[in-house]
Number of protein chains: 2
Amino acid sequence: MTFNLILANVEKHISLNESERKFFCSLLKEKKFSKKDLVLSEGQTCRNISFVNSGILRAFFNYDGKESTIMFAMKDWWVTDINCFIKHQPAMLNIVALEKTEVLQLTKENMDKLLHEFPKFEKFFRIIFQNAYIREQLRTIQNLSLPAAERYDNFCTKYERIANMITQKQIASYLGITPEFLSVIRAKKTKS
Amino acid sequence: MTFNLILANVEKHISLNESERKFFCSLLKEKKFSKKDLVLSEGQTCRNISFVNSGILRAFFNYDGKESTIMFAMKDWWVTDINCFIKHQPAMLNIVALEKTEVLQLTKENMDKLLHEFPKFEKFFRIIFQNAYIREQLRTIQNLSLPAAERYDNFCTKYERIANMITQKQIASYLGITPEFLSVIRAKKTKS
DNA sequence: CGTCTATTTGAATGTACTCAAAAGCGGTGG
DNA sequence: CCACCGCTTTTGAGTACATTCAAATAGACG
């Protein structure tokens, strides 16, 4: 039951036989978080990449009190502080549960073991990182070229499901603006 | 001679035998561009990922006249409009040569052929995209949390070599500010 | 029910942009 | 090799976008 979603996620991109499934699942550690629990906190070594089985996570950067949201991760998404995960460094990001959330975690060591044992998983992670790169390049394009109001519209369209589950404060921190200013943007939109 | 740099780039991450080298190189197409030539123009299907053998490229997004630079690619870097390359869509980005530049290009079809024939290249592209993702996630963190003056400092530190080869206008478009404002930032810095 | 946080609203401020003009610099052709 | 042309950079004034701070209101949760 626990592994159904993650296996489907993997088998969208590569096909597995039973022993590969077994081995992969044996490397995963299940963890449950309550609302507001930290999956990762800044400064702590980032040992895991997490797959969200249920619930929702928020990854954010804290710059003396001002929070910038790097990503929201829903069910069926992978999330980590990729820089610190790969390079075994203290995390820059915090990852917090926005509601009761279950994740499956893969350590860097287990990921390496998996890739060594079953190289076909190289393809899987190639695609995962390829998609992450696409997502981030598109976000960079928007951040640089669009004013806040349009970035807000795009966010609501693209992440409709997420937008309805989180607060405006969190959306503002994803867009790189203050909650007060997002409130003004929304007020203007209602008028027109 | 032409393939020395790209083979070294690949063999930093995976080891190749002679037939793998041969096959890989046979899929590459060499192209030369003069200063200001377009390697890719917006609207055109993005068929290639390009490896810079010499020279320097700039990838930018054009939003009715206002240009936003997505990346600079130096010798030994890979560059493409990743979204449109993977999805076979019309490019959003333009890629222009900032000086006489030689590239080696791999089409999506040839990349697929390569991955199919020699799956070990999955690992190579996994690492390439992983690094690209790291780069973009770090950039997003900075874009959201730092004011323009600090982003400029970071750019000069991190891309020192690039910073000395390009105009301030181009740096400004990478930072998401106007050249006039970058000029003001620099003037203030000199004073202090 | 009370408390804590999110959201709204407004005033004052700061950051960054637009437009315009002048100065600087680099490449090109004669 | 110089003079000119076009683009980059600088500077300044006026404006727009976005922030800060404060206070009032609304919502969520134990």
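Tabulated data for the structure shown
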| quantity | calculated |
| --- | --- |
| Other-copy label distances relative to B:ASP153, 7 angstrom Cα-Cβ extension, nm | 3.7 |
| Residues of segment B:14-28 with amide N under 11 Å of a point placed 7 Å along Cα→Cβ from B:GLU117 | B:19-28 |
| Point-charge dipole on Cβ atoms (K/R +1, D/E -1) for segment B:4-120, about Cα centre, debye to 20 | 140 |
| Shielding by partners, peptide A:170-183 (average Cβ within 10 angstrom, other chains) | 1 |
| Extension gain from B:GLU18 to B:GLN89, taking 0.36 nm per residue of separation minus the Cα-Cα distance | 22.1 nm |
| Where labels lie 7 Å past Cα in the beta-carbon direction, separation of B:THR190 and B:ASN154 in nm | 2.6 |
| Candidates A:GLU18, A:GLU99, A:GLU160: whichever shows maximal mean-square fluctuation once chain A is modelled as a Gaussian network with Cα springs under 10 Å | A:GLU18 |
| Cysteines in chain A that, by Cβ-Cβ distance, have no pairing candidate under 4.7 Å | A:CYS25, A:CYS156 |
| 13 Å Cα-Cα reach of A:LYS113 towards aspartates and glutamates, excluding residues that sit fewer than 8 places from it in its own chain | A:GLU20, A:GLU122 |
| Set A:LYS66/A:LYS158; B:LYS35/B:LYS188; B:LYS66/B:LYS87 screened for pairs whose C-alpha atoms are more than 29 Å apart | B:LYS35/B:LYS188 |
| At 7 Å out from Cα toward Cβ: A:THR107 inter-copy label distances (nm, ascending) | 4.6 |
| Cβ neighbours within 10 Å from other chains - mean over B:118-127 | 5 |
| Highest-fluctuation residue, A:SER34, A:SER68, A:SER145 considered, GNM on chain A with Cα pairs under 10 Å | A:SER145 |
| Neighbouring partner chain Cβ atoms per residue of B:140-151, average, 10 Å criterion | 5 |
| Over chain B, relative contact order from alpha-carbon pairs under 8 Å, at least 6 apart, % | 23 |
| For B:LYS75, residues with placed amide H under 5 Å, excluding near neighbours | B:GLY55 |
| Pseudo-label separations to other copies for B:SER26 - Cα-to-Cβ vector, 7 Å, nm | 4.0 |
| From phi via Karplus (6.51, -1.76, 1.60), per-residue ³J(HN,Hα) for segment B:50-62 in Hz, x at Gly/Pro | 10, 9, 7, 8, 7, x, 7, 10, 10, 9, 9, 10, 10 |
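Values quoted throughout were computed directly from the atomic coordinates according to the rules given, and no laboratory measurement underlies them. What you see is a predicted model, and the numbers here were worked out from it, not measured in a lab. We place every Cβ from the backbone using ideal geometry, glycine too, and count neighbours over all the protein chains shown.
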